[in-house]
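As structure tokens, the structure follows; a few thoughts come after it.
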Amino acid sequence: MNAAESAVFTVGEGTLRIARGDIASWPAQAVVNAANAHLAGGSGVDGAIHSAAGPMLPAACREIIARRGPLKAGEAELTPGFEMAAQYILHAVGPIWRGGSQGEPEALARAYRSCLALCREHGIVSVAFPAISCGAYGYPVEQAMPIALKEVAEGLKRGDTQEAAMVLYSAQAYETWLAFARRTL
Ligand code: AR6
């Protein structure tokens, strides 16, 4: 993490950091994966996390799917981080953008809330989120940002976790999220 490329906001008893970086190497107790319904791995965040976690992760994902079936948009499951620095991976499935009237906002909010509920359940004190659904799933960033920051801020106020980070990959995404956070947090 480059200190010049992160900013910290106090929310309730916790902190919300907006940062630029690679979620797969982020120093948090848990990192969130932007997964698909079958936890099958893929591109973007999912690819980076699977590479960093190593060969044990696919079997753990298959076991979850065998137990419960595919995840719906908005749901999340926990695995160990295996070879990652993070202790846990929270695999969250965001909605695929279909124009915004197919329940996408509710499903995106639920994806963040599901991760925060797992933090509470497992005593996770620090968690890093990517911009769920904002890549391959096509969710417009301007519309995802208010939902993401509201849900993460509410989770911090509830005490679900103590330190949350939004980790943005590109300089442009970082500047956009930071400007929005400064206006609204
Ligand atoms: N660290 C942080 N952010 C990243 C990274 C990284 N290493 N790589 C990309 N991003 P995406 P989705 C940004 O596509 O839209 C996969 O194939 C990226 O620029 O990873 O939820 C899964 O298997 C974008 O802003 O996730 C699913 O099938 C954001 O992270 C599908 O893609 C999310 O992009 C999920 O799509």
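The values are calculated or read from the model by the stated rules, or taken from the named source; none is laboratory data. A quick note: this is a predicted structure, and the numbers were derived from the prediction, not measured. Every residue, glycine among them, receives a Cβ derived from its backbone with ideal geometry; neighbour counts consider all protein chains shown. Only protein heavy atoms, including side chains, enter the accessible area calculation; ligands, DNA and RNA are left aside. Shrake-Rupley method; radii C 1.70, N 1.55, O 1.52, S 1.80 Å.
Before moving on, here are some points about what is shown:
- Per residue accessible area of the range 3-184, 1.4 Å probe, in Å²: 45
- Projecting the Cα atoms of 100, 133, 21 onto the charge dipole of the chain, computed from C-beta unit charges around the Cα centre, puts 100 farthest toward the positive end.
- The chain - mean residue ellipticity at 222 nm from DSSP helices (-39,500 (n - 2.57) per run, n ≥ 4, rounded to 500): -13000 deg cm²/dmol
- Translational diffusion of the range 12-57, µm² s⁻¹ [Kirkwood Rh, Cα pairs; Stokes-Einstein; 25 °C; 0.890 mPa s]: 205
- Cα gyration tensor shape for the chain, rounded if a/c is under 1.5, else prolate or oblate: rounded
- Sorted largest first by accessible area at a 1.4 angstrom probe radius, with every protein chain in place, the residues 185, 78 fall in the order 185, 78.
- Sorted largest first by accessible area at a 1.4 angstrom probe radius, with every protein chain in place, the residues 112, 169, 88 fall in the order 169, 88, 112.
- Sorted largest first by accessible area at a 1.4 angstrom probe radius, with every protein chain in place, the residues 38, 50 fall in the order 38, 50.
- Gain on full stretching of the segment that runs from residue 171 to residue 38 - 0.36 nm per residue minus C-alpha separation: 44.8 nm
- Just checking the listed ones, 86, 53, 66: in the Gaussian network model of the chain with Cα springs under 10 Å, the one fluctuating most is 66.
- At most 14 other Cβ within 10 Å, DSSP loop - GluC sites (Glu not before Pro), the range 9-86: 13, 83
- Here residue 184 and residue 83 are evaluated by their C-beta separation; at R0 = 30 Å the FRET efficiency comes out at 0.25.
- For the range 3-184, the fraction of 1.4 Å probe accessible surface lying on carbon and sulfur atoms is 52 percent.
- When only the Cβ of Lys, Arg, Asp and Glu is charged (+1, +1, -1, -1), the dipole of the range 1-108 relative to its Cα centre reaches about 180 debye.
- The magnitude of the dipole of the chain, with charges of +1 and -1 set on the Cβ of Lys/Arg and Asp/Glu and taken from the Cα centre, is near 280 debye.
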